[in-house]
1. When N is the residue count of the stretch A:106-168, what does its C-alpha Rg come to as a fraction of 2.2 N^0.38 Å?
2. Which ³J(HN,Hα) values, rounded to whole Hz and listed in residue order, are derived for the stretch B:18-32 from phi using the Karplus coefficients 6.51, -1.76 and 1.60 in 6.51 cos²θ - 1.76 cosθ + 1.60 with θ = phi - 60°, glycine and proline given as x?
3. Taking the mean number of other Cβ atoms within 10 Å as a proxy for protection, how do you rank C:154-166, C:78-90, C:24-36, A:93-105 from highest to lowest?
4. Please compute the length gained on full extension between C:Ile27 and C:Asn67, using 0.36 nm multiplied by the number of residues separating them and subtracting their Cα-Cα distance.
5. In whole Hz and in residue order, list the ³J(HN,Hα) couplings for the stretch C:214-225 that follow from phi through the Karplus curve 6.51 cos²θ - 1.76 cosθ + 1.60, θ = phi - 60°; x for Gly and Pro.
6. Suppose all protein chains stay in the model; what accessible area per residue would a 1.4 Å probe give for the stretch C:21-236, in Å²?
7. If R0 is 45 Å, what FRET efficiency do you get for C:Ala132 and A:Leu52 from their C-beta distance, rounded to 0.05?
8. Run the numbers on the stretch A:175-203: which residues show a drop of 30 Å² or more in accessible area, chain on its own versus all protein chains together, using a 1.4 Å probe over heavy atoms?
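The values are calculated or read from the model by the stated rules, or taken from the named source; none is laboratory data. The model shown is predicted, which means the values in this text are computed figures rather than measured ones. Every residue, glycine as well, gets a Cβ built from its backbone with ideal geometry; the counts of neighbours run over all protein chains shown. In case anyone asks, the SASA skips ligands and DNA or RNA and just uses the protein heavy atoms, side chains included. Shrake-Rupley method; radii C 1.70, N 1.55, O 1.52, S 1.80 Å.
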Amino acid sequence: MQGLEFSVVFENMNILLHGMFWTVVLCSSASLLSIVVAVVLAMTGISKLKPLRSATFFFLWVFRGTPLLLQLFLFYFGLPQIGLYLSPIITGIIGLTLHFGVYNADVLRAGILGVETGQHEASRSLGLSYFQTMRKVIIPQALRNVSPAVGNNLIALLKESSLVSIITVPELTLSAQRAISETFRPFEFYFAAGALYYVVNWGLEFILQRVEARTALTR
Amino acid sequence: MISLKDIWKSFGDNQVLKGISLEVERGKILVIIGPSGSGKSTLLRSINHLETIDRGEIWVDGVQVNAPLKGRKFEKHINRVRQEMGMVFQHFNLFPHMTVMENITMAPMLLKKIPREKADAQARGLLEKVDLADKMNCYPVQLSGGQKQRVAIARALAMEPKVMLFDEVTSALDPELIGEVNKVMKRLASEHMTMLIVTHEMRFAAEVADHVIFMADGVIIEEGPPEEIFSNPAHERTRRFLFEVFKS
Amino acid sequence: MSGRSAGFRFIPGGTTIEETAVDYQLIIKVAPFFAKAAWSTVVVSFLSFALGLSIAFPAAFCRLSQNRFLQIPARVYVSVFRGTPCLIQLFVIYFGGPQIGIQLEPFMAGVLGLGINIGSYMTESIRGAILAVSRGQTEASRSLGLNKFQTMRKVVLPQAAGLMISPLGVNTIALIKGSSLVSAISVLELAYTAHRFTNSTYRPFEMFILASTFYLVIITLTSKAIRNLNGRFAYEK
Ligand SMILES: Nc1ncnc2c1ncn2[C@@H]1O[C@H](COP(=O)(O)OP(=O)(O)OP(=O)(O)O)[C@@H](O)[C@H]1O
Ligand SMILES: [Mg+2]
């Protein structure tokens with residue numbers, strides 16, 4: 001038994017903070033992109049074209065039913081095979097974006113279907129086209145209605161982002177591993193990384209609560 | 001039978017009951033009327049200790065409901081006292097996961113250790129009394145509001161309470177269903193059950209009450225026999241209230 | 001260092017392959033390995049599920065209790081384990097454990113980590129279901145003279161049971177997918193197998209198809225079971 005010695009963590013804090021920076025970059029870009037993906041998937045999912053709809057459903061079904069880790073393996077090994085040599089960070093962003101894009105698409109589709117048909121009719125009667133109606137009237141309302149659920153997905157995204165360490169993305173978890181390989185102190189560094197995740201998570205929950213309180217007022 | 005002495009109760013800054021005292025004798029029926037928010041429900045719920053009062057004494061059949069006991073002792077005491085009182089709620093609160101029969105027999109079997117056959121027989125009798133003998137194996141969702149409320153009354157009666165408390169039991173019902181519930185209550189009245197009724201049904205109040213209390217803003221404004229209160233109220237506040245009610 | 005190694009070793013830079021068509025022959029050849037690994041995913045998930053539930057019920061009651069000495073630890077448990085990544089929790093247990101004298105086999109560490117993690121989510125599902133039973137139900141029960149425990153047992157829990165199946169089902173599906181994380185502490189299950197064969201065959205797409213198929217089967221069957229169970233509790237019909 002080695003015992004614990006937390007002072008090494010403070011000596012190597014910059015390694016962890018560097019990793020945390022990338023975690024934040026990773027999560028912010030993936031979360032924004034995942035909403036874009038979600039809008040696209042939600043639209044194709046309610047499209048009038050049957051093949052498009054079926055393809056979307058199949059894609060959603062597969063991505064909803066498989067672990068993120070497996071999807072990350074697919075991109076990490078598969079993209080180079082089709083000639084795409086991307087940095088681990090970009091691969092990580094792609095993986096997280098698609099994974100959470102699928103979750104958000106599910107939420108958003110329910111949100112779109114939840115907007116009253118009267119809204120659609122009113123907008124079309126003003127002369128807006130289908131896409132204009134979607135863009136200006138339906139999707140903004142749907143996004144607002146589902147914002148709590150999307151918020152929950154963002155919180156999940158932060159925690160799941162630790163998985164991209166496995167495909168060598170130099171974020172917080174991998175930074176902890178780097179520090180451990182130098183200091184041989186796994187408990188301290190993983191514990192510290194956990195604490196950092198906890199703090200970011202707490203901050204994120206706080207912000208989302210604020211946003212939620214705001215949007216609730218304008219509802 | 002029921003005796004309240006100087007009851008005070010507030011929710012935060014909101015003083016809801018301001019020194020209420022009243023008596024109900026054995027076999028008598030007291031009806032409480034008054035505008036919305038005057039504290040009628042709070043008063044009734046306090047008698048059942050669903051609300052804790054700030055000051056005053058509540059006595060039911062010679063036992064102090066808010067006895068000065070602590071912790072587990074009080075828990076035991078209040079559970080025993082509640083068995084002596086039947087309470088019927090505005091929104092029925094039937095147990096949705098139990099059949100009508102189970103709703104009625106659960107408490108007697110659990111608390112009084114009455115064997116199933118006996119509890120079932122008693123429940124059948126009670127269901128006949130509330131004209132629902134054919135519904136005993138239904139679940140609450142399969143019943144109309146009026147039927148639900150009659151089951152709720154039967155459920156309360158199954159514990160053979162000494163007094164019954166009714167809190168606006170018909171105000172969540174469609175107008176055509178009110179009569180059937182009132183009929184059951186009148187039947188109880190004719191059997192000399194001691195009852196405390198909060199209602200917005202003035203005609204019904206006038207028919208069954210032995211004594212009427214008019215409450216507003218947490219105090220008793222006026223009380224007396226129904227003939228007096230309804231035909232010749234002494235207070236301006238009572239007159240205005242009755243005028244509003246009968247106008248609509 | 002305790003001589004423990006991570007589950008993965010990477011060949012950096014990725015790989016190239018000329019052939020792009022799906023190699024069905026390869027799929028058939030390695031399928032038995034995946035089937036065996038799938039069973040191990042099922043076992044790990046099931047044991048973690050059982051552990052999670054047996055933590056979650058007492059934790060939910062503690063969380064709902066008026067007693068601070070019960071409530072605060074439960075609060076901390078839920079907050080910490082929901083607020084940090086499961087992967088980190090697994091690493092602390094498996095790699096950090098030996099430092100404080102807890103040396104567990106990968107399998108044990110995996111089940112323990114997953115179970116404690118999902119337990120924190122299940123605690124909230126159970127608590128939510130109990131709180132969702134309306135106050136009127138408790139009041140009606142108490143007014144008949146039932147005490148707190150009798151009310152919980154006879155009135156609240158039977159109704160909460162129906163309400164907690166869906167959220168617990170969501171937790172369970174998440175757990176099955178999350179069980180892939182134990183591959184990172186070298187537990188031999190589906191994700192681990194997919195990774196190993198990808199490394200040795202350079203056939204990521206085929207391995208993804210295989211592993212996905214098994215995950216989808218497991219998850220579809222579990223969802224079906226949850227739906228069935230939910231149907232049984234639908235007394236309100
Ligand atoms: N649990 C509570 N918390 C805070 N305030 C409450 C609570 N219950 C009741 N009140 C307040 O107490 C006052 C009296 O309420 P109560 O329900 O006793 O009135 P009521 O006479 O029964 O009215 P109604 O005829 O509408 O049923 C109201 O102002 C109400 O807002
Ligand atoms: Mg009321």
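1. Dividing the Cα Rg of the stretch A:106-168 by 2.2 N^0.38 Å gives 1.55.
2. After applying 6.51 cos²θ - 1.76 cosθ + 1.60, I find 10, x, 8, 10, 7, 10, 10, 7, 4, x, 9, 10, 9, 10, 10 Hz.
3. Ranked by mean Cβ neighbours within 10 Å, highest first: A:93-105, C:78-90, C:154-166, C:24-36.
4. Numbers: separation 40, 0.36 × 40 = 14.40 nm, distance 5.71 nm.
Length gained between C:Ile27 and C:Asn67: 8.7 nm.
5. Working through the residues one at a time gives 5, 4, 5, 5, 4, 6, 5, 5, 5, 4, 4, 4 Hz.
6. 43 Å²
7. After rounding to 0.05, the efficiency reads 0.70.
8. By number: A:Phe184, A:Pro186, A:Phe187, A:Tyr190, A:Tyr197, A:Tyr198.
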